[in-house]
Amino acid sequence: MKKTKLAIIGGGPGGYAAAFLASDLGLEVTLIDKAKNPGGVCLYRGCIPSKALLHIAKLIEESKEAKKWGITFAEPEIDIKKLRRFKDKVVAKLTGGLGMLVKQRKISYIQGTAKFINSTKLSIEKTDGSMEELEFGKAILATGSVPTKIPAFALDSKRIMDSTSALELEDIPKKLLVLGGGYIGLEMGSVYSALGSDVTVVEMMPSLLPGADKDLVDVLSRTLKKKFSQILLNTKVVELKETAEGIAVKFEGENVKEAEQVFDKVLISVGRSPVTKGLGLENTSVTITERGFVSVDEKCKTSDANIFAIGDIVGGAMLAHKASAEGKVAVESVAGHKVAFEPAAIPAVVFTDPELAWTGLTENEAAEQGIKVEVVRFPWAASGRSTTLDRTDGLTKLIIEPKTERVLGMGIVGPSAGELIAEGTLAVEMAATVKDVALTIHPHPTLSETVMESAEMFFGQSTHIYKPKKI
């Protein structure tokens, strides 16, 4: 029987980040995943391929916008096979690079599926059909999540897509229904809309991106209403039925004009579910919550002393960078370091156009928790850089604790919001005051200046907006 100091099950951003740090710290590591190289859902079926396609979608949209500036392009000719090759090439390059890093770090990589025999042994079914047992000192579970399935809508039809199949770009449907107004639905809806699909988005809640602050979502919604055929809020899908023409969909909602519509394809994007079944967890002391997540403490340790868990399977924000951060905490704990996963802020980004991002405390959370805050907003109409981009619809805002003047959170909607939000995350983590942000010299002309001027507005001293502070 083979032995290892640390076994990591799952090669996504949480698993491979943990494996790489463990190797760097001198630990003997075995990484187990079904794919040829690490990468997980993020690189193979999520973050990376979707962002490659969103880049193309943005290019198409900007070519249309250029007409306003005196530049007219011909209608784009879309070679869908070449698009797929570009996406696949991006994925292959990054996952191949991770494979090289595994070899450079001398990590033992087993291509297969692992199952716990007990709290110190794994049974591994390799992709070549052979079986292997592995004895470990400690193990880290990083098996991630899969698209949530709704039994009532489980039609055996090629016309029904989840986020994984939508990325395959088999074709460009004339009419596409996106079921779910979260970030996955809006991102993929944006891709298909740019490629030529007539897109309808349906959401049960009264707003897109439930949970995100309304002032930010409103900016995004105004743009999406121009791109999408319909955005149906407060609306339920009560039936999906395949017909000769497509998928017949019945809606229920106050603002629905047509209770039944037919679509060429339907994308179901209503969330993700943790992968905990089939792992043999019943053979360990690991406990699962009522919602199906693995219970862990601040060190990412489960109720089994030998097993840690990170990423989507432990709940919270289902984000790649959160999984990576947890993976590093788990490894440091295995190495005997004093450590805990207790971030003050975890940034979230929706890669639509405009992008929407937030970090730390949101305005919604402050209201729900009864936390008194002061909110300052800087509209991008007053930004020189956004004006040169002809993108003045953006907004940057800071959530501030009035007594201490600490920055508790930041929200941004506009081009490159995902790049800008890191400054807000650093400010929250460092317990920076709003004066710290205001006194930090930002380069001109840049969109980053909107962060500085948001801070200046707290004092009524924003250079490009005259709004004295009320005393």
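Taking 0.36 nm per residue of separation and subtracting the Cα-Cα distance, full extension of the segment from Asn234 to Lys64 would add 58.0 nm.
Short-range pairs are left out: with C-alpha atoms under 8 Å and at least six residues apart, the relative contact order of the chain is 14 percent.
Distance between the pseudo-spin-label points of Asn118 and Asp218 (7 Å out from Cα toward the beta carbon): 6.2 nm. For the range 24-102 and the range 419-458, what is the centre-to-centre distance using only Cα atoms, to the nearest Å? Centre-to-centre distance over Cα atoms comes out at 30 Å.
Accessible surface ranking for Trp358, Trp69, 1.4 angstrom probe, highest first: Trp69, Trp358. Sorting the segments 84-91, 415-422 by their residues' average number of neighbouring beta-carbon atoms within 10 angstrom, most packed first, yields 415-422, 84-91. Note on Glu77 and His337: the model spin-label points, each 7 Å out from Cα along the C-beta direction, lie 5.5 nm apart. Sorting 135-142, 113-120, 150-157 by their mean Cβ neighbour count within 10 Å, with the most densely packed peptide first, gives 135-142, 113-120, 150-157. Think of it this way: in the chain, Cys300 stand alone, with no other Cys Cβ under 4.7 Å.
Rounded to the nearest 10 square angstrom, Leu83 shows an accessible area of 20 square angstrom against a 1.4 Å probe. Per-residue ellipticity at 222 nm, computed for the chain from helices alone with -39500 (n - 2.57) per DSSP H run of at least four residues, works out to -9500 deg cm²/dmol.
Extension gain, Ser130 to Ile441: 0.36 nm times the residue separation minus the Cα-Cα distance gives 106.0 nm. Across the range 270-382, Cα pairs under 8 Å and at least six residues apart give a relative contact order of 15 percent. Full extension of the segment from Thr243 to Ala422, taken as 0.36 nm per residue of separation minus the current Cα-Cα distance, would add 59.7 nm.
Between the alpha-carbon centers of the range 359-379 and the range 279-304, tell me the distance in whole angstrom. That distance is 33 Å.
Along its first, second and third principal axes, ordered by size, the range 117-208 spans 53, 33, 27 Å in Cα coordinates. Only one of (1) 0.99; (2) 1.02; (3) 0.96 was calculated from the structure for Rg/Rh (Cα atoms, Kirkwood Rh), and its label is (1). Distances longer than 24 Å among the Cα atoms of the range 350-471: what percent of all pairs is that? Summing the P(r) tail past 24 Å for the range 350-471 gives 20 percent. Accessible area per residue for the chain is 49 Å², calculated with a 1.4 Å probe on protein heavy atoms, without ligands, DNA or RNA.
Only protein heavy atoms count here; on that basis, with a 1.4 Å probe, Glu62 has an accessible area of about 80 Å². Over all other residues within a Cβ to Cβ distance under 11 Å of Thr463, the charged ones net out to -3, with Lys and Arg as +1 and Asp and Glu as -1. Our Cα-only numbers for the range 83-237 put the radius of gyration and Dmax at 21.0, 57 Å. Beta bridges assigned by DSSP with both partners in the chain are antiparallel in approximately 60 percent of cases. Per-peptide packing, taken as the mean over residues of other Cβ atoms within 10 Å, places 15-27, 322-334 in the sequence 322-334, 15-27 from highest down.
Apolar share of the accessible surface for the range 81-232: 55 percent from carbon plus sulfur atoms, 1.4 Å probe.
The values are calculated or read from the model by the stated rules, or taken from the named source; none is laboratory data. None of these values were measured; they are calculated from a predicted model. Cβ sites come from the backbone with ideal geometry, for glycine too, and all protein chains shown count toward neighbours. Remember, those area values only see protein heavy atoms, side chains included, never the ligands or the DNA or RNA. Shrake-Rupley method; radii C 1.70, N 1.55, O 1.52, S 1.80 Å.
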